Amino acid sequence: MVGAGVMGHSVAQVFATAGVEAWLVDVDPAALERAMGLVESNLKTMARFGRVSEADIPAIVGRIIPTTDLAAAAREADFALETVVEVPAVKQEVFHRLDELCAPGVVLASNTSTLDVFSGARVSDPSRLVYAHWFAPPHIVPLVEIAPGPETAPGVMEFVAALMTRLGKRPVVMKQFVPAFIVNRIQGAVQNVVLEMLAQGWAEPEEIDLAVKSSLGVRLPVVGVAQTLDFTGLDLIFDIMKARGEINPLIEAKVTRRELGAKTSRGIYDYDGRTEAEILAERDARYLRVLAVLEEIDVFRSI
Ligand SMILES: NC(=O)c1ccc[n+]([C@@H]2O[C@H](COP(=O)([O-])OP(=O)(O)OC[C@H]3O[C@@H](n4cnc5c(N)ncnc54)[C@H](O)[C@@H]3O)[C@@H](O)[C@H]2O)c1
């Protein structure tokens, strides 16, 4: 890991927890000291919730090697991930140096949230560059979004997806890089709508959050955002679009083919001929389990 801030320390912890030696590089020795302190305290929290054993903490911490010496770390690396500041010139320089210092074939990954780091990268082998975008805090949130740069080799994508799986993460592979990947694009759209509601004074922040937690909060963990359309019914969504004068060709094509969602066993997803009752029974069993957890941890009362 190059960059030992909010993301780097925690990603190093994930590698170390999975039994992998992790070099943690930063230009700032104080950042390394802070990082190692945070790893210790993160691991204590993980132990409290049974995610690591208390007895293993010293060994996990011992597998992280903090250093300001990029060359020493790069010489040892089988995989490199930059988690430095979101500044294009800094990232490009890091990749230039990693490309010089790491052995041939070592995969070089970027944790950028938004930047097109690899177009015009000054590296000898652009086929080994890949995006691997983690979510804070990386030692808890399972997702890593993986996307190719302009010349990334297919084998590199497969390698990184397998590596993330080995670490206990849930990789989602995108067909191409787009700034903000999947989740931050969705989150950005949601943020804009929320900020508009607040600016217009349509609801208080507490009401907005309670509304989201007590509706989307129950559904999103089970059906996500694409599959939720199948439970609304694509015919209803199409009627709403027609009333607004905004036709979406994907929805129009599906409605024309009578692929309306769970009610016809095919919509955005294909339910393999299962009946509507079967699909809804499985959905509801999961909704009820989510609801029980949300109630148990008291999410409808704000922090
Ligand atoms: N913070 C988040 O929630 C989050 C989530 C996903 C992705 N990201 C992305 O991860 C990256 C890092 O974000 P962060 O929040 O951890 O930043 P941060 O500011 O907490 O940490 C960045 C670290 O990089 C170090 N650094 C700067 N230049 C360096 C260099 N040339 N070599 C080595 N170290 C260097 C800094 O000293 C600092 O410790 C960014 O690209 C960001 O967009 C952040």
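Every number here is computed from the coordinates shown, using simple stated rules; none is lab data. No experiment lies behind these values; they were computed from the predicted model shown. FYI the Cβ positions are ideal-geometry reconstructions off the backbone, even for glycines, and counts take in every protein chain you see.
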### Query
With each run of n ≥ 4 DSSP H residues scored as -39500 (n - 2.57), what mean residue ellipticity at 222 nm is computed for the chain after dividing by its residue count and rounding to the nearest 500 deg cm²/dmol?
-15000 deg cm²/dmol
### Task
Report the equivalent ellipsoid semi-axes for the stretch 8-173 in whole Å, largest first, defined as the square roots of five times the eigenvalues of the gyration tensor built from alpha carbon atoms.
26, 18, 14
### Task
Jot down the radius of gyration and Dmax of the stretch 203-296, Cα atoms only, both in angstrom.
15.2, 44
### Query
Can you pull the three principal axis extents for the Cα set of the stretch 33-115, in Å, largest first?
41, 28, 22
### Message
Taking 8 Å as the Cα distance limit and 6 or more residues as the minimum spacing, I'd like the relative contact order of the stretch 148-303 as a percentage.
### Response
16 percent
### Task
Starting from the stretch 224-303, pick out the GluC sites (Glu not before Pro) whose DSSP state is loop and whose Cβ has at most 10 other Cβ atoms within 10 Å.
246
### Query
With contacts defined as alpha carbon pairs under 8 Å and 6 or more residues apart, what's the relative contact order of the chain in percent?
11 percent
#### Entry: Positive-end residue of 300, 224, 261, charge dipole of the chain with Cβ unit charges
261
### Query
What's the Cα-based Rg to Rh of the chain, Rh via Kirkwood?
1.02
### Message
Charges on Cβ only, +1 for Lys and Arg, -1 for Asp and Glu, centred on the Cα centroid of the chain; of 243, 29, 110, which one is farthest towards the dipole's positive end?
### Response
243
